[in-house]
Amino acid sequence: MIYTNVCKHCLKQYRSRIKSFSCDQCKNKDEDYFDKIVAYLKKYPNSNALQISDALGISAYQVLNYLKEGRLNYARGHFEQIGEAEEGSTGL
């Protein structure tokens, strides 16, 4: 099955065999944003989307999109990576 996807960064339409949120050209940008968010959350674990946005220059909408995509989880009062949340949390 071939999916028609829309890149969340450049809004370009592209086709791929898997459902994805970033085109090949923007995939590095997306990974950099996510890595920055994870590093920030390790340093300041009780941060909300607006605090992350202000500190990193990434829009709060993009931070919340990582939640929607399932890459971050909101549990125990703060954002976590999914792997960390599954180990010892009941989550939301």
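Observations on the structure shown:
- Within the stretch 71-92, considering residues that are among the charged types (D, E, K, R) and part of a loop (DSSP other than H, G, I, E, B), the one modelled with the highest pLDDT: Arg71
- Test: residue in the stretch 43-62 that is closer than 21 Å to Lys19 by Cβ and modelled with pLDDT of 80 or more: yes
- Residue in the stretch 26-36 that is within 19 Å of Glu69 (Cα to Cα), modelled with pLDDT of 90 or more, touching a strand residue (DSSP E or B) at 6+ places or on another chain (Cβ under 8 Å) and surrounded by 12 or more Cβ atoms within 10 Å (Cβ to Cβ) present: no
- Take the conditions (1) part of a loop (DSSP other than H, G, I, E, B); (2) under 15 Å from the mean Cα position of the chain (by Cα); Asp35 misses just one of them, which is (1).
- Note on the stretch 39-70: residues that are surrounded by 11 or more Cβ atoms within 10 Å (Cβ to Cβ) and assigned to a loop (DSSP other than H, G, I, E, B) total 6.
The values are calculated or read from the model by the stated rules, or taken from the named source; none is laboratory data. Because the structure is predicted, anything quoted here is derived from the model rather than measured. Using ideal geometry, Cβ is built from the backbone for each residue, glycine included, and neighbour counts are taken over all protein chains shown.
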